[in-house]
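The values are calculated or read from the model by the stated rules, or taken from the named source; none is laboratory data. All values derive from a computational prediction rather than experimental measurement. When we count neighbours, we look across all protein chains shown, and the Cβ atoms used for this are built from the backbone with ideal geometry, even at glycine.
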Amino acid sequence: MDRNVTRIHPYFVEAWVSRIIINPNYNPVNFDSDIALLKLNTPVEYNHFVKPICLPARDDVEGKNATVSGNSNIGSTQHSILTK
């Protein structure tokens, strides 16, 4: 795939990442502050299925069940598939 081209599918978008900004408070020992920003090479057009995420305030989720997703790292195997 050309690094300057974004492939658009009905349910997802494939785009190249031009920059990764890791949280300066990230702790690789216990994974505290395990979040990063990804800057894409090209803008993404939103549709019914492709939308920005909204992060809730801590008070909205603290002590409650929640669903999170991200690339998983289980044991010594790192998975490149987004997991839920």
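Observations
- Hits in region 27-50 (condition: within 13 Å of Ala15 (Cβ to Cβ) and not in a loop (DSSP other than H, G, I, E, B)): Leu38, Lys39, Leu40
- Taking the numbered list (1) modelled with pLDDT of 85 or more; (2) outside any loop (DSSP other than H, G, I, E, B); (3) surrounded by 10 or more Cβ atoms within 10 Å (Cβ to Cβ) in turn, Ile20 passes all entries but (3).
- Subset of region 47-60 that is under 16 Å from the mean Cα position of the chain (by Cα) and surrounded by 10 or more Cβ atoms within 10 Å (Cβ to Cβ) - its residue that is farthest from Ile20 (Cα to Cα): Phe49
- Filtered residue count, region 11-57, keeping only those that are among the acidic types (Asp, Glu) and touching a Phe, Trp or Tyr at 6+ places or on another chain (Cβ under 7 Å): 1
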